[in-house]
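The values are calculated or read from the model by the stated rules, or taken from the named source; none is laboratory data. Treat the numbers as computed from the prediction; the structure is a model and nothing was measured. Positions of Cβ are generated from backbone atoms using ideal geometry, with glycine treated the same way; all protein chains shown enter the neighbour counts.
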There are 2 protein chains.
Amino acid sequence: MIRAHAALAATRPLEPWSYEPAPLGHDDVEIAISHCGVCHSDLHLIDDDWNRSSYPLVPGHEIVGLVTAAGAGSALSVGQRVGVGWQRSACLACDECLGGDENLCAKQQAVCVGHPGGFAERIRTDGRFVFPLPESLESATAAPLLCGGATVFAPLLRLGVDATWSVGVVGVGGLGHLALRFARAFGCEVTAFSSRPDKRAEAQRLGAHHVSSSSDVRELRKHARRFDLLLSTAPAKLDWVAFLETLRPNGVLCLVGAPQGLMSFPPSQLLGGQRSICGSDIGSRAAIRAMLDFAARHGIAADVERLPMAEANRAVERVRRNEARYRMVLEN
Amino acid sequence: MIRAHAALAATRPLEPWSYEPAPLGHDDVEIAISHCGVCHSDLHLIDDDWNRSSYPLVPGHEIVGLVTAAGAGSALSVGQRVGVGWQRSACLACDECLGGDENLCAKQQAVCVGHPGGFAERIRTDGRFVFPLPESLESATAAPLLCGGATVFAPLLRLGVDATWSVGVVGVGGLGHLALRFARAFGCEVTAFSSRPDKRAEAQRLGAHHVSSSSDVRELRKHARRFDLLLSTAPAKLDWVAFLETLRPNGVLCLVGAPQGLMSFPPSQLLGGQRSICGSDIGSRAAIRAMLDFAARHGIAADVERLPMAEANRAVERVRRNEARYRMVLEN
């Protein structure tokens, strides 16, 4: 039996809940979880915002722990310190998988959708989507790298960001604070956008050279034709028309947060200046490995608030109220 | 004096009109115009749709002719056969210009905005934006390459299209018919989208392997997750949500026509599958040169209907009624 914390129905508080794990498969590992981050996606799953939750639902997909058992086919060893992120598996046979984009596989499965996640003492999961952690990373502050870190790092890699780029990061939260650190470590000129004036000093501490309001259109206008990349981590709807004007010719607006509602703008905004808008969806396994190496080499980790696993509900509530600075991490 | 055809006010028919050209500048050439294509942009300028027209307005920016005079600084020679497209000049000093993206220069000037264009017997213009024509291209059918051809070729080059890509071309008109030919010559699998059933056979003749309705959502759904690139040449508003679903993971929707109104879609459509939307704005000088070489090597030119320059109004009217198959070209 594995002891976990589960929502028994949509929007319900978590309750202690145990389950019998499936037999350890050929490629599987079992991990004794030491830490698990709390991501906004966990709240969406608890609340069934995406109409894909099944209950009891054990959240948690920013997992760090030690391998306690490994299937015959696994390349991992008992005792290894590893991490698990959003993705649990993929078909590993389609064009996307063969091309190294298994995060885009149509048959991908998520760690805590249809399977119990990381708010638990242990987890059994496909070892091919489990990542050894570089030694210098601390478990608690590395946990949020597995999903949040991958989500903001992968587009920097994929879009070919280099040290001459001017990068704007919209939103200074769980994703945004890691994006600021990564973009700064990439050598970029970094501007943080936040709707909250109290985050100005924070954003500078996190690596921003400049800080700007994300909601004051007059302030946005000062950044006209400035950014090679705008990375939008904000779950809120933004003034897209104003933000598009801050892009340089050939500049890219990349969404890693999915705001509700429709995104609207005149197509001429993309034609003049050859701007583009793209989305990015977590990261491939190769990107996650590159991210962990990069984070270790540059000393990048999340700012976390720790709580015991037993206080999962308190952690969830802090995330719900946007009070976490910047990621809640549960500890066993 | 140069004899031309000008609109004396917005939306007026063209009338014979003469002007004294500016003295031939250091970098300028004078061209005796043999052919000039009629592009939809000419109609927008005549009608002042973009609030940037000045009258008398001489349209025409798909110009072919012979150099009759060259300034001391010009690399072109008297007697050379050349072409001129949309762009007349750029600062040649900003980041975009130095980077080879002079079509994105904030100080760029257009051939027939504030200067008399190609519906004329001659033109004087900056020789640095004048392109020698490969010998095998015929003047009349090459004229539309200078703007229409460049506009659809440049994104194929910039987006790194290769022969394994599946490319959808939306709209089978002046731009679309050239896009079909270029995409086919790139070795791609090519699908044409048109709202007009009578263009099905035409689209196949032009290089499409497959033809589909651009307005029937049920037909669009059959193309789910299919295209690496959708090149939208249509000036009409499309069902963006349905078209985005036809993109493969990492697929790109590139707009080269600027539909009126707002473009709207849920941001989640970009996140799932990492899709992107971009605009493309004519082409750089390097892209235009590469396009002309490519067109000559692959025997690609426009399907044109020819009319004498004196019948410019008749040509404009055919374009206005979308009757041209596929480009009207005026001849001196």
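A few remarks follow.
- Selection status of A:GLY73, under 24 Å from A:PRO144 (Cβ atoms) and either in a strand (DSSP E or B) or not polar (S, T, N, Q) (or both): no
- For A:SER276, the criteria (1) within 23 Å of A:TRP50 (Cβ to Cβ); (2) crowded, with 17+ Cβ neighbours inside 10 Å hold in every case but one, which is (1).
- Being closer than 27 Å to B:PRO132 by Cβ, assigned to a loop (DSSP other than H, G, I, E, B) and not charged (D, E, K, R) holds for only one residue in B:GLY25, B:GLY37, and it is B:GLY25.
- Residue within region A:108-123 that is β-branched (Val, Ile, Thr), outside the structural domain of A:CYS254 (by TED's automatic domain parsing) and touching a helix residue (DSSP H, G or I) at 6+ places or on another chain (Cβ under 9 Å) present: yes
- Count of region A:66-86 residues which are more than 18 Å from A:ALA22 (Cβ to Cβ) and of a type outside the set (Phe, Trp, Tyr): 10
- Only one entry of A:SER77, A:SER89 meets the criterion of being within 18 Å of the chain's Cα centre (by Cα), away from every other protein chain (no Cβ under 14 Å) and surrounded by fewer than 20 Cβ atoms within 10 Å (Cβ to Cβ), and that entry is A:SER89.
- Residue match in region A:136-150 (condition: within 14 Å of chain B (Cβ to nearest Cβ), more than 15 Å from the chain's Cα centre (by Cα) and surrounded by 20 or more Cβ atoms within 10 Å (Cβ to Cβ)): no
- Selection status of B:ARG226, in contact with a Leu (Cβ under 9 Å, 6 or more places away or on another chain), at pLDDT 95 or above and surrounded by fewer than 21 Cβ atoms within 10 Å (Cβ to Cβ): yes
- Hey, B:GLY176 closer than 24 Å to B:GLY83 by Cβ, in a helix (DSSP H, G or I) and modelled with pLDDT of 95 or more or not: yes
- Residue ID - nearest to A:ALA185 (Cα to Cα), chosen from residues in region A:308-325 that are in contact with a Leu (Cβ under 8 Å, 6 or more places away or on another chain) and surrounded by 18 or more Cβ atoms within 10 Å (Cβ to Cβ): A:VAL319
- Residues of region B:92-106 classified as touching a residue at least 24 places away in the same chain (Cβ under 8 Å), surrounded by fewer than 17 Cβ atoms within 10 Å (Cβ to Cβ) and either away from chain A (no Cβ under 12 Å) or among the polar types (S, T, N, Q) (or both), total: 1
- Answer from B:ARG200, B:ARG181 - the residue that is of a type outside the set (Asp, Glu), over 18 Å from the mean Cα position of the chain (by Cα) and part of a helix (DSSP H, G or I): B:ARG200
- For region B:107-124, the criterion of a residue being part of a helix (DSSP H, G or I), surrounded by 19 or more Cβ atoms within 10 Å (Cβ to Cβ), in contact (Cβ under 8 Å) with a residue 12 or more places away in the chain and among the small types (Gly, Ala, Ser) is satisfied by no position.
- Where helices (runs of 4 or more DSSP H) sit wholly within region B:228-332, those with at least 1 residues that are more than 14 Å from the chain's Cα centre (by Cα), away from every other protein chain (no Cβ under 14 Å) and farther than 30 Å from B:GLU135 by Cβ occupy B:240-245, B:312-320.
- In region A:194-208, the residues that are farther than 18 Å from A:GLU323 by Cα and either crowded, with 24+ Cβ neighbours inside 10 Å or not assigned by TED's automatic domain parsing to the domain that holds A:PRO249 (or both): A:ALA208
- One residue alone among A:GLU121, A:GLU189, A:GLU135 is touching a His at 6+ places or on another chain (Cβ under 7 Å), among the charged types (D, E, K, R) and modelled with pLDDT of 95 or more, and that residue is A:GLU189.
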